Amino acid sequence: MSGLVMPAPKADVLARRAQIIAELRAIVPGEGVIDTEAEMRPFESDGVTAYRQLPLAVVLPSTTEQVSKVLAYANANGIPVVPRGAGTSLSGGALPLEDGILLGMGKFNRILDIDFANRAVVAQPGVTNLGITHAVAHEGFYYAPDPSSQIACTIGGNVGENSGGVHCLKYGLTTNNVLGVEMVLITGEIVRIGGKHLDSGGLDLLGLIVGSEGLLGVVTEVTVRILKKPETARAVLLGFPSSEAAGACVAAIIAAGVIPGGMEMMDKMMVHAAEAFLGAGYPLDVEALLIVELDGPEAEVNHLIDRVAEIGNGLGCMTLRASTSEEERVAFWAGRKAAFPAVGRISPDYLCMDGTIPRKALPLVLKRMEEMSEKYGLRCGNVFHAGDGNLHPLICYDANVPGELEKAEAFGADILLLCVEVGGVLTGEHGVGVEKRDLMPSMFNEIDLAHQERLKCAFDPEALLNPGKVFPVLHRCAELGRMHVSGGKLPFPDLPRF
Amino acid sequence: MSERLCPRDEAEVVEAVRWAVSNARTLDVAGAGSKAALGRHIQTDATLELKGLSGVTLYEPEELVLSAKAGTKVAEIEALVAASKQMLAFEPMDFGPLLGLAPGGGTLGGLIACNLAGPRRPSAGAARDHALGLRAVSGRGEAFKAGGRVVKNVTGYDLPRGLSGSYGTLAAFTELTIKVLPRPETVETLLVLGLDDAAAAGVMSAAVGSYYDVSGAAHLPAGIAARIPAVAGAGTGVTALRLEGVKPSIVHRRGKLEAMLGAHGTLSFLDEAASLGFWRAVRDVEPFALPEGGSPDRAKAVWRVSVAPMAGASVGAALREAGAACFYDWAGGLVWIEMPGSAPDTARVRAAVAGAGGGHATLIRASAAARAGEEVFQPLDPITGALISRMKNGFDPGRVLSPGRMYAGV
């Protein structure tokens, strides 16, 4: 672990470990409480394997009642709790704490209700993202958000992180596709928010809970909307002599009123890496490659494919191929989908970053990243969800070379700060977690962060849920609650009043 | 008549709130006042009018993003984006006709504060799904920002979404950034005639759950259809399915839907011009409109109910028994109800929603006295109520921002 400071473990909690484990076993009997080092080892990190920590204990509840009792117990005894789905977080959101319970939700793995007429599925949080789609595919339906970890990641984790995927521009992130949750507060109280109906009529608590990274409560049930799978999908492969030209093409497609189901860009390094990895048939003479996928009714897709081709030709694309079969469409995507393992083949280790930028800033950002790459002496390839401006630079390094991980992390931080500088944000879909926690002040000032923390205080005043994540410094709620307002007159004497 | 404070910029909003906090005065947070008759009826020491904070500050069509000061008129924004063939995809309703006001009075801040959305809600999302970022002043007299200007952002809590639907009770917005989307090139509407409410729910469910991208599904019982010019001639119940997009796609989808639904009832069709008028009427609840200048105080009470789409018809049936009129949007899940008189008959409406499996009912039009005495919004369970009260403690501990507008004591 490089330089990450987590909240200091509570000595009294560590001292009472044996007693705490015994009391947890009274709530979750049998194999539901894990306390040996060997058995806890698989839980010591999530997708960010650079950070590792064994928890106080791993608890695997199987009922909402058990979750409620565990949280009420933790609350009464001042024990931190870190919720975990499948542990695929790319921001360290499920990194355990030495004095904390790791609450694994994997046993919540049942789909409770499939309601085609209302186009909704009710699932327990440990069901995988793809598991929901598989459960409804026989009727031609699917669950739209498709993070690349969808085979493993859970819907509960998706709610925690507001996960995205390549189809976000058209179909939204998790937050746009969740209708309701059952959630347990740190007090053990159980609340139900939303359901199969739309909106709340009032305050949008659901909107706050999705993407709250396990800091507000533990979700024990999720209701999502399902959509009919598009009748047809076709993809176009467009190669350009520069990233500027490819970026102009993306802007022109959107300006023409076309919202593709997916629109991905790869830079030269990534095209070559993917081609070397599996021979996807990508053109190797291009500086930037676009994959544009149109989906919907066949007549519409064919019409829009022609329009995209016309736009690409007008902007000087060097290669233009439209898929004419499902096999060909899948082949176009194969290289993009293998981008990460392809980099794994040319570099012993890599860091995957996740900033979002206004699309028009892409050429500038790519140029500055090239300069950074030279400065740090590390290679960097780019895949880009071009439709929504979500950039995934892959920084290559070798963990066995002393100091290279630290260099790669510094490079990554510089990229994210650059994203903020050009009007973008630190994270588009991976979450803040521990990875981007200390960069939060680059985007938000103290007052901004204090307002976010006050929400946290409303849900979890003792900061027991996932402490050390998202916020660089977690203030005490009593301190945040004080108000410092002075003066009794309107200091703007000319403020219009009627 | 309480005092009106009319700040011209964010610094003046901060000063106005600080004045209220220091002097223990309450503020009714308002834009241009077009939705003053929504929510619980409250009396405050002053009205904080944000309409002076006006103007679009950023519009980049190819980035699908627009920022504007909170007091900017929605109509101004819609005209601006229409010139670039774009739209607010959530199709915000205009409460003017329903509340007896001139249309086009609402501001962007009011739109997000009330989390409005029209017929496209099920496919495109509500206002909350298009709120990307904001600047606001909380009841602590502090200006803060949240979110950003890009469509994909998970940096920190999603306050722009969380403050949607807060009716000014947590913060006064000063500037908002929203997502805009391309306008469909054209629109047509397929009508299925003669269905009762339950059969219509089945047809709408089949249509919305088909491959054919139905972007609006509404059902108007005969008495309601008679009040909308585009379909008044049908003389029967009208189930309307909207198709938007490029022409070749619409032709294809319409053909498929006709084949799928022909056995359920007589089919008819609205062209682009008729469709635009029809869906505006559904969006703005024109069948229950008041004449301009009409007072909600004496008008028939109107409820807005959201339940699971297939459950809407049971809500309608329960209330029609009591003499109410109703129609359905959102494939049956949104039920607009006009009570037989000015009494809200709240218990009956809440029972119907509970009987339909739950959801929410909001009293949209009623006298000030009724809105002072009734729970206007769906009542909260005690745990959620306490949670929201603690959120109010965090954002507005002095309870100066529209206190009681949503819930007593909040």
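Computed from the coordinates by the stated procedures, all read-outs in this text should not be read as laboratory data. Note that the structure is a prediction, hence the values are computed from the model and not measured. A quick note on method: Cβ atoms are made from the backbone with ideal geometry, for glycine too, and the neighbour counts reach across all protein chains shown.
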**Message:** Give me the net charge for the shell around residue A:320: Cβ to Cβ below 14 angstrom, other residues only, Lys and Arg +1, Asp and Glu -1.
**Reply:** -1
**Request:** Rounded to whole Å and ordered largest first, report the semi-axes of the equivalent ellipsoid of chain B derived from its Cα gyration tensor (root of 5λ).
**Result:** 36, 25, 18
**Prompt:** Counting Lys and Arg as +1 and Asp and Glu as -1, what is the net charge of the other residues whose Cβ lies under 14 Å from the Cβ of residue A:10?
**Reply:** -2
**Item:** Distance-filtered residues of the stretch B:356-387 - backbone nitrogen under 19 Å, label point 7 angstrom along residue B:297 Cα→Cβ
**Value:** B:364-374
**Request:** With N denoting the number of residues in the protein assembly as shown, provide Rg(C-alpha) divided by 2.2 N^0.38 Å, to two decimal places.
**Result:** 0.92
**Message:** Please give the charge dipole size of chain B, origin at the Cα centre, charges +1 on K and R Cβ atoms and -1 on D and E Cβ atoms. Round to the nearest 20 debye.
**Reply:** 520 debye
**Prompt:** Dipole of the stretch B:243-371 (Lys/Arg Cβ +1, Asp/Glu Cβ -1, origin at the Cα centre): which of B:341, B:316, B:264 lies farthest to the positive side?
**Reply:** B:316
**Prompt:** Can you sort A:330, A:122, A:181 so the residue with the fewest Cβ neighbours within 10 Å comes first?
**Reply:** A:330, A:122, A:181
**Complete:** Gyration tensor (Cα only) of the stretch A:352-498 to equivalent ellipsoid, semi-axes in Å sorted down, yields 37, 22, 13
**Message:** For the stretch A:111-228, take the convex hull of the Cα atoms, compute a quarter of its surface area, and give me that in nm², please.
**Reply:** 7.0 nm²
**Request:** Could you tell me whether the stretch B:49-182 comes out rounded, prolate or oblate from its Cα gyration tensor? Rule is a ≥ b ≥ c as square roots of the eigenvalues, rounded for a/c under 1.5, then prolate if a/b exceeds b/c, otherwise oblate.
**Result:** rounded
**Request:** Calculate I(q)/I(0) for the stretch A:232-340 by the Debye formula, one identical point scatterer on each C-alpha and no solvent, and give its log10 at q = 0.13, 0.19, 0.21 Å⁻¹ to two decimals.
**Result:** -0.41, -0.90, -1.09
**Request:** Could you list A:477, B:326, A:153 in order of exposure, starting from the residue whose Cβ has the fewest other Cβ atoms within 10 Å?
**Result:** A:477, A:153, B:326
**Message:** Skipping prolines and chain starts, which residues have an amide H placed within reach, meaning under 5 Å, of the one on residue B:237, given they are 5 or more residues away or on another chain?
**Reply:** B:194, B:195, B:222
**Asked** Restricting the count to DSSP beta bridges whose residues both fall in the protein assembly as shown, what percent are antiparallel, rounded to a multiple of 5?
**Response** 90 percent
**Prompt:** If you plug each phi of the stretch B:172-178 into the Karplus form 6.51 cos²θ - 1.76 cosθ + 1.60 with θ = phi - 60°, what whole-Hz ³J(HN,Hα) values come out, in order, with x for Gly and Pro?
**Reply:** 9, 5, 10, 8, 10, 10, 10
**Message:** Give me the count of lysine pairs in the stretch B:49-182 whose alpha carbons sit under 19 angstrom apart, restricted to pairs 8 or more positions apart or on different chains.
**Reply:** 9
**Prompt:** Taking the Cα-to-Cβ direction at residue B:56 and at residue A:242 and moving 7 Å from each Cα, how far apart do the two end points lie in nm?
**Reply:** 3.0 nm
**Asked** Please state the relative contact order of chain A as a whole percent: Cα pairs under 8 Å, 6+ residues apart?
**Response** 14 percent
**Complete:** Expected unfolding gain across residue B:321-residue B:383 under the 0.36 nm per residue rule, minus the alpha-carbon gap, is 18.9 nm
**Request:** Just add up the charged neighbours of residue A:426: K/R +1, D/E -1, any other residue whose Cβ is under 10 Å from the Cβ of residue A:426.
**Result:** 0
**Prompt:** Whole-Hz Karplus ³J(HN,Hα) for the stretch A:223-229, in order, using 6.51 cos²θ - 1.76 cosθ + 1.60 and θ = phi - 60°, x for Gly and Pro?
**Reply:** 10, 10, 8, 10, 10, 5, 5
**Fill in**
Taking placed amide H atoms and a strict 5 Å upper bound, the residues 5 or more places from residue B:402 or on another chain that come that close are B:27, B:28, B:29
**Message:** Per 0.36 nm of contour for each residue apart, how much would the distance between residue A:138 and residue A:17 grow if the chain were fully extended, relative to their Cα-Cα spacing?
**Reply:** 38.7 nm
**Item:** Tensor-based shape of the stretch A:42-139 (alpha-carbon gyration tensor, a/c under 1.5 rounded, otherwise prolate or oblate)
**Value:** oblate
**Request:** Using the number of other C-beta atoms within 10 angstrom as an exposure proxy, rank B:268, B:54 with the fewest first.
**Result:** B:268, B:54
**Message:** Within 10 Å of each Cβ in A:136-142, how many Cβ atoms from other chains are there, averaged over the peptide?
**Reply:** 1
**Complete:** By the C-alpha gyration tensor axes a ≥ b ≥ c (rounded if a/c is under 1.5, else prolate when a/b exceeds b/c, else oblate), the shape of the stretch A:88-129 is prolate
**Prompt:** For residue A:36 and residue A:345 in one chain, what is 0.36 nm times their gap in residues minus the Cα-Cα distance, to one decimal in nm?
**Reply:** 107.7 nm
**Message:** If I model a spin label as a point 7 Å beyond the Cα along the Cα-Cβ vector, how far apart are those points for residue A:313 and residue A:482 in nm?
**Reply:** 7.0 nm
**Request:** For residue B:246, enumerate residues with amide H under 5 Å from its amide H, sequence gap 5+ or separate chain, H modeled in the peptide plane.
**Result:** B:185
